[in-house]
Amino acid sequence: NLSHPASTAPENGQIITRFGADFLVETADAELLRCTARRKLDHLACGDYVQWERQAQGNAAITAMLPRRNVLERPDFRGRLRPIAANIDLLIVVASWQPAPIWETLDRYLIAANRLPADVLLVFNKADLRQSLASAEAETCLAEYQRIGIPILHVSAKQQQGIHPILEAIQGRTAIVVGQSGVGKSSLAMQLLPETDIRVGTISETGEGRHTTTSATLYRLPSGGSLIDSPGVRDFGLTGMDFATLETGFPEFRPFLGECRFHNCTHNHEPNCAIKAAVAAGQLPPRRFARYLSLLANI
Ligand code: GDP
Ligand code: ZN
């Protein structure tokens, strides 16, 4: 078959989503191609850069994975870590006023972003409920995040307010949305994603139009950048967190770390701890520190 040589030179592409054992790959020409992959490439994830080749009968196959910048993983039902998405630049952490923010969970997401590493954007959705539902305590916790330099946006998916600054933050980056259930991630995705996901839907297994798989899907935004929507990643936690991951996940500690008396200080019971001294002196936010101690007790 002259129009389909048995195999061609490998070309580069990026994984858009997974359909069972197959992958949807975006080629360098922005064409979407359904590709098979050998079993040893089973760990491929949405966002991975790959090499692929055309094969006989017009089929295409992924032949290699290109180096990853990072990968977000989550344990499956057997407790094995499975990749969800790769090459993430920005972790968009969504919280809301109803359900109320769980600050320790937000800290965990910030630690995860730090570990990837990826930038973080904290999006407080349901801004329409803030005045009536945000407690003074919650506002103080929020102010602590602001103080340590976490970028925060207040938006309302319902009232379609504050969406544009999120799109601006995604420009030139690959972002993924996480957050506890009920905070409005799906509602936000509806506002952020292009009208329809026709391109992905028409190539899905069922051909039913809407892409109904639970695997992560990468969307190119018309305003620039890419957004990975992943039902599976939405409630992920931090498994196997070690002390170094925890400590570096509190970047506000950094200027004081060298000053603790013990080089391996955990900032808990040790004497002459510079972190505790800074908290006592009002140089570090006390609620963040209290949650640090609580997370420390869990590892
Ligand atoms: P998810 O579980 O994070 O995907 O949350 P959903 O997008 O399913 O939203 C959960 C609930 O919050 C739904 O009833 C939404 O209508 C509601 N919701 C989403 N965004 C807003 C908002 O900006 N304001 C208010 N008041 N409700 C919202
Ligand atoms: Zn210390």
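Any chance the range 1-14 includes a residue that's modelled with pLDDT under 95, of a type in the set (Ser, Thr, Tyr) and surrounded by 12 or more Cβ atoms within 10 Å (Cβ to Cβ)?
yes
To keep it simple, each residue is scored yes or no on (1) touching a residue at least 24 places away in the same chain (Cβ under 8 Å); (2) surrounded by 14 or more Cβ atoms within 10 Å (Cβ to Cβ); (3) closer than 20 Å to GLY172 by Cα.
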| position | (1), (2), (3) |
| --- | --- |
| ARG34 | yes, yes, no |
| ARG80 | no, no, no |
| ASN87 | yes, yes, yes |
| LEU90 | yes, yes, yes |
| LEU116 | yes, yes, yes |
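Scan the range 261-276 and report the pairs whose first residue is within 15 Å of LEU296 (Cβ to Cβ) and away from ligand 1 (no atom under 16 Å from the Cβ) and whose second residue is among the small types (Gly, Ala, Ser) and assigned to a helix (DSSP H, G or I), with Cβ atoms within less than 9 Å and a gap of 6+ or a chain change.
What qualifies is CYS265/ALA274; HIS267/ALA274; ASN268/ALA297.
Please go through the range 249-271 and pick out each residue that is assigned to a loop (DSSP other than H, G, I, E, B) and out of contact with any Phe, Trp or Tyr (no Cβ under 8 Å at 6 or more places or on another chain).
Hits for the range 249-271 are GLY249, CYS260, ARG261, PHE262, HIS263, ASN264, CYS265, ASN268, HIS269, PRO271.
Going through the range 38-76 one residue at a time, which ones are touching a Ser or Thr at 6+ places or on another chain (Cβ under 8 Å), part of a loop (DSSP other than H, G, I, E, B) and surrounded by 15 or more Cβ atoms within 10 Å (Cβ to Cβ)?
Listed by number, the list holds a single entry, GLY47.
Among the candidates ILE92, ILE62, ILE84, which residue alone is at pLDDT below 95 and either among the hydrophobic types (A, V, I, L, M, F, W, C) or over 21 Å from the mean Cα position of the chain (by Cα) (or both)?
ILE84
Which ranges mark the helices (runs of 4 or more DSSP H) fully within the range 133-197 that have 1 or more residues being at pLDDT below 95?
Output list reads 185-192.
Sort out which residues of the range 249-274 are more than 7 Å from ligand 2 (Cβ to nearest atom) and buried (at least 19 other Cβ atoms within 10 Å of the Cβ), and write them in order of number.
Across the range 249-274, the qualifying residues are GLY249, PHE250, GLU252, PHE253.
Give the residues of the range 92-132 that are in a helix (DSSP H, G or I), more than 24 Å from PHE250 (Cα to Cα) and among the polar types (S, T, N, Q), sorted by residue number.
GLN131, SER132
The values are calculated or read from the model by the stated rules, or taken from the named source; none is laboratory data. Just so we're clear, the structure is a prediction, and the values are computed from it rather than from any experiment. Neighbour counts run over all protein chains shown; Cβ positions are idealised from the backbone, glycine included.
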